[in-house]
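Structure record follows, encoded as structure tokens.
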Amino acid sequence: MINQVRSELTRYLRTETVGGALLLIAAAIALLWVNSPWGDSYVTMTETVLPIKPLHLELTLADWTKDGLLAVFFFVAGLELKRELVVGELADRKRAALPIIAAVGGVVTPALIAAVVGYGIEGMDRGWAIPVATDIAFALAVLAMTGSRIPAGARVFLLSLAVVDDLLAIILIAVLFTTGLVLLWLLAAAACFAAWALAQHRRITSPVVYVPLALVSWYALHEAGIHPTLAGVALGLLTRVRRDPDEDEAPATRWEHRFQPISAGLCVPLFALFASGVPLDGRVFGELFTNRLSLAIILGLLLGKTTGIFGITWVAIRFGVAKKPANLGYRDMFALSVLGAIGFTVSLLVAELALADVGDGSSVELAKAAVLVTSMAASLAGSALLLRRGRVHQARREARALESE
């Protein structure tokens, strides 16, 4: 009975609707908590240091959720992306090219808008990177909850776009915020990746091999000065997705089933709990739509992401460089582009890194508030568009069913 209940809970947590609901609940708890009379206890919790002294890791609880738990989420995303690239819809080169092209447009356009609007503001020499990232977990959760009647190609496109988008953002983090790249640790991480790929090639299945490689690669990237969540993406992409004749499942499928409930039910909600605690007092609300810093982020995310993703997607399809996902129209692509304006995970991270040394810290809080408000606006607008498009697709399916009868 216990095993049956555990299995059912695991299956339940695999659904992105539940994962998205947990994320939103955790974010709401953080906002209510930090803006309550007990707000100091929230700050104390996030700033509590949980050290691993032998490894010289002096990270706060917030840092552990940001650098550690999110690596699990990116590992699951990397597994799914690899499967789609090899045996899924993205195996078609022109279809695979579309989310990559869209991600580039969704990074460049917001950065340009933010840089122009915020030109000359203290901290914007690196703060222009705040609106460049799409939050994978948040965007997919909204799609799962409101776009269930949209063809499956929408999810593949959004996942691929968001993963490439976040990879570009992580590269920007490495370039902009790495004080000194430690080459030896970078080589150590590369060696771990090579060993992981070799173990996959040799059909090794023991966790005794893979767990140490994952931990060491994460630690090596951390010590090299690169955001360690990149280890999760790299290991996911290096995992085998084709099933051998004597296997029930390929390693990527097996591990995705195992880790997705952990990611959706624990890792992402905990990150949201520790990252979403932004004080929203009268001063913050008063400056959201008047301060050039917050306007740069809001316009960069909402306007830059939507126009950048949809504009370059339209051009690429129009000139035959890429193909639309199966059964999706341009209006569907526009709705997905609006979801691309949901910046949460990496945007909050970049805000902390770019503005940490600016003034008394109020710039960080204002930037994070701008990210949260814009992400909520994008999720609501995207949800409305997806629900409308879902009704259209459902009507078409019903019409085809009547014709076939």
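The values are calculated or read from the model by the stated rules, or taken from the named source; none is laboratory data. It should be emphasised that the depicted structure is a prediction, and the values quoted were computed from it without experimental measurement. Please note: Cβ atoms are built from the backbone with ideal geometry, for glycine as well, and neighbour counts cover all protein chains shown. Keep in mind that these areas ignore ligands, DNA and RNA; they rest on the heavy atoms of the full protein, side chains included. Shrake-Rupley method; radii C 1.70, N 1.55, O 1.52, S 1.80 Å.
Things to note:
- Within region 258-312, being open to solvent by less than 30 Å² (accessible area, probe 1.4 Å), among the polar types (S, T, N, Q) and closer than 21 Å to L336 by Cβ holds for one residue alone: T306.
- Enumeration of residues in region 8-38 that are at pLDDT below 65 and under 16 Å from S276 (Cβ atoms): none
- Subset of region 71-119 that is in a loop (DSSP other than H, G, I, E, B) and at pLDDT below 90 - its residue that is farthest from P325 (Cα to Cα): V87
- Residues of region 321-331 that are part of a helix (DSSP H, G or I) and either out of contact with any Phe, Trp or Tyr (no Cβ under 9 Å at 6 or more places or on another chain) or farther than 19 Å from K305 by Cα (or both): R331 alone.
- Given (1) open to solvent by 30 Å² or more (accessible area, probe 1.4 Å); (2) over 16 Å from L69 (Cα atoms); (3) more than 19 Å from the chain's Cα centre (by Cα), number of the condition L237 does not satisfy: (3)
- Counting only residues that are surrounded by 15 or more Cβ atoms within 10 Å (Cβ to Cβ) and of a type outside the set (A, V, I, L, M), region 363-400 holds 11 of them.
- Annotation: of all residues in region 326-349 being open to solvent by 10 Å² or more (accessible area, probe 1.4 Å) and of a type outside the set (A, V, I, L, M, F, W, C), the one that is farthest from A378 (Cα to Cα) is N327.
- Out of W218, W255, sole residue that is modelled with pLDDT of 90 or more, within 26 Å of K53 (Cβ to Cβ), of a type outside the set (G, A, S) and open to solvent by less than 60 Å² (accessible area, probe 1.4 Å): W218
- Evaluated against (1) without any contact (Cβ under 8 Å) to a residue 12 or more places away in the chain; (2) over 29 Å from V43 (Cα atoms); (3) assigned to a helix (DSSP H, G or I), G286 falls short on exactly one condition, (2).
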